[in-house]
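Derivation of every value follows stated rules applied to the coordinates shown; laboratory data play no part. Predicted, not measured: the structure shown is a model, and the values here were computed from it. Backbone-built Cβ (ideal geometry, glycine too); neighbour counts: all protein chains shown.
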Amino acid sequence: MLRMVETAAAWAIPLILLVIPLLGCLKRVPVYETFVEGAAEGFQTAIRIMPFLIAMMVAINVFKASGAMDAVITCLKPGLLLLKVPPELVPLAVMRPLSGTGALGITTDILHTYGADSLVGRTASTILASTDTTLYILTVYFGSVGIKKIRYAMGVGLFGDFVGFMAAVYYCQVFFKG
């Protein structure tokens, strides 16, 4: 069974790259011209969202370099201990809505420090999979189409991240603490 899954995984992308143009040809779609138009639109979108990405990256670096992260952890520590949330996970909880790459870097550091099989390591991995880069998504996708009123979307997205974070902590405590 494992061998079948590995074979299917190895052939999935090549088959998709073959099937899509074939279907386009069967429907008489000018495949190459359509691809070039899409690539040009993608390039224009990348140019439009560049200022939003730069602003977000500057804000992330200022937050980390200013020592604000350490101050947040210190302020939250009593509540975290009450909720059984390891304080080591706060940087991940703060970074995850901002940057997927930054969150992956923090998770990698947690795994190197505490081990992949530790409760903190497993919880960090589960948090990474249970939450999203909400502010990044709002910045890039809403910015690319010109949406400026993001208040409700941001509230719902951050609430979803909080629920994902707390669920990951809870279920990892239940399944892995032993």
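Summary of computed values
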quantity: Cα-based helix-to-principal-axis angle, 2-26 vs the chain, degrees rounded to 10; calculated: 40
quantity: Region 159-165 - phi-based ³J(HN,Hα) in whole Hz, Karplus 6.51/-1.76/1.60, Gly and Pro as x; calculated: 5, x, 4, 4, 4, x, 4
quantity: Set of lysines near residue 84 by C-alpha distance (under 26 Å), chain-local residues within fewer than 8 positions excluded; calculated: 64, 177
quantity: Rounded tilt (10° steps) of 31-65 against the dominant C-alpha axis of the chain; calculated: 20
quantity: More than 22 Å apart - percent of Cα-Cα pairs taken over region 50-176; calculated: 38
quantity: Rg [Å, one decimal], Dmax [Å, integer] - region 1-65, C-alpha atoms; calculated: 19.8, 56
quantity: Under Karplus coefficients 6.51, -1.76 and 1.60, residue-wise ³J(HN,Hα) of region 68-80 in Hz, glycine/proline x; calculated: 4, 4, 5, 5, 4, 4, 4, 5, 8, 4, x, x, 5
quantity: Residue-wise HN-Hα coupling along region 113-128, computed from phi with Karplus coefficients 6.51, -1.76, 1.60 (Hz; x: Gly, Pro); calculated: 6, 9, x, 5, 8, 6, 4, 5, x, 5, 5, 4, 5, 5, 4, 4
quantity: Exposure proxy order (Cβ contacts within 10 Å, fewest to most) of 126, 108; calculated: 108, 126
quantity: Over the chain: helical MRE at 222 nm, DSSP H runs n ≥ 4 each giving -39500 (n - 2.57), nearest 500; calculated: -26000 deg cm²/dmol
quantity: Loop-exposed trypsin sites (Lys or Arg not before Pro) per DSSP, neighbour cap 16 Cβ within 10 angstrom, longest uninterrupted part of the chain; calculated: 85-147
quantity: Alpha-carbon gyration tensor eigenvalues x 5, square-rooted, for region 1-117, Å; calculated: 43, 25, 10
